[in-house]
Structures are given as C-alpha cells and as structure tokens.
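Structure record follows, encoded as structure tokens.
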Amino acid sequence: MSTPPRSRGSRRPWRRASIRRAGVAALALTAALALPGCSILSPVPSIELVKASASMATVAIGQGPVHASQTVFHGAALPERVCIEYNRALALPEFVPALIAELREHEVQARVFEPGVRPGDEACPAWVHYQGLQQWDKPPLSDQIRPYLAQATLSLHDAGGRLMSASSYRSDDATMSLGKWASTRNKLAPVVRALLTGFEG
C-alpha cells in the first residue's frame, strides 16, 4: 500500500516555527549587544594601550639629561689602554661592563684587576679607579623597589700613580628628577668622556 503524499500546507507550521525561533534568537543577540556589560570587542587592547603608555612615560623619564661634574683634567694624552682596579664595595653588577663599553667607544681598551695586582707599566700604562653609591627607590609608574646608581666618581692615573683626570656623576635629590632612572651606562657616558677629553658638555 502506498503512502499518500503530504500536502504543501502540512509543512507551513514547521516553517513558521523555525522563522519564529530565528527571530527570537536575533532579538536576544541584539539585546545582549545593547547591554552595557556585554560586547563582542575584547577590552584587552585598551589595557595593553595603557601599559604601553606607562612604559613609554617611564622610558622618557629615564632618558632625561645626565651630565658630568667636578671634572679635573691635566691635558694628558689619551691612553690607548687602561687597567681598571675592581671595587668590591659597589654592588651594581652592570657598572664595570658599562665602564668598559664606554671606554671602547673612545677606542680605549680596558682590563680589570683585583686591588693590589700590578701587572707592570707596559701592560697598564694608565689606571682607572672608581667609586659609586647605589641607592634604592621606586621608579615612576611602578610599585617595585629597584637599585640605581646615585653617584659615581672616576679617576685616571698614570703608571706612577699621578692623577691625570677625574670626573663625577651625581643624581639630583628630587624624587622625580629626570635622568635618575637612566641606565648605568647612560650615566657613565658623559663622565668617561670628561675623564678622557676634559669636556663635560
């Protein structure tokens, strides 16, 4: 026995029900997007933008003016190589690498020796002695305490111990002073230049 075909009218209630469900879903989505707490856009980019702005502000403060002071220069010829007497009293690990890097910027090679070691005048025609003060504080826009170089003094001596030149760096006393959070190398750059040339500018 064959099954009688369905009439077209029997499909219409099912179609109307499907259309109604689709309409309800569309209205629900529209209402959800209209709510103040719902959005298809992620808030993460805004947060990242705030972080990036804070980071740029910190960098700008850290790149403030840094200069040498209290320079003494006796006009001696620029040495091709120097020896650095290591100072264990200064605990900043980046100080000596920064000092060596700045000396090389002026084409001066450097070697580091423990206090009291004297390899000879030929190996060390000039000596660099240094002193520094490390302090701790919170950088701008940060809640983490970190160390920074507050003061530094470099002196250049010939093989006989006579003073050839000296120069210093000293951070400003103000908490938000520009340059306070500059890198150790940026702070030493003008001091090394003054030590070797006599020019503080």
**Complete:** In order over segment 138-152: 3J(HN,Hα) from phi, Karplus 6.51/-1.76/1.60, θ = phi - 60°, whole Hz, x for each Gly or Pro, gives 9, x, x, 6, 9, 10, 9, 7, 9, x, 8, 7, 8, 8, 7
**Request:** Provide the per-residue ³J(HN,Hα) series for segment 184-200, in order, calculated from phi with Karplus coefficients 6.51, -1.76, 1.60 and θ = phi - 60°, each as a whole number of Hz, with x at glycine and proline positions.
**Result:** 4, 5, 4, 6, 7, 3, x, 6, 5, 4, 5, 4, 8, 10, x, 9, 8
**Request:** Counting other beta carbons within 10 Å of each Cβ, put VAL117, VAL96 in order, fewest first.
**Result:** VAL117, VAL96
**Message:** Restricting to Cα pairs below 8 Å that are 6+ residues apart, what does the relative contact order work out to for segment 58-197? Please round to a whole percent.
**Reply:** 36 percent
**Prompt:** How far, in nm, would the chain grow between VAL117 and TYR86 when pulled straight, counting 0.36 nm per residue and subtracting the alpha carbon separation?
**Reply:** 10.2 nm
**Request:** Sort TYR148, TYR86 so that the residue with the fewest other Cβ atoms within 10 Å of its own Cβ comes first and the one with the most comes last.
**Result:** TYR86, TYR148
**Efficiency of FRET from Cβ geometry, SER69 and ILE145, R₀ 30 Å, rounded to 0.05** = 0.65
**Message:** Suppose we take every Cα in segment 133-175 and form the convex hull; what volume per residue is that in Å³?
**Reply:** 75 Å³
**Prompt:** Given H placed on each backbone N at 1.01 Å, which residues far from ALA126 in sequence or on other chains put an amide H within less than 5 Å of it?
**Reply:** CYS83
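Rule-based calculations on the coordinates, nothing more; no lab input. Remember, it's a predicted structure, so these values are computed and weren't measured experimentally. We place every Cβ from the backbone using ideal geometry, glycine too, and count neighbours over all the protein chains shown.
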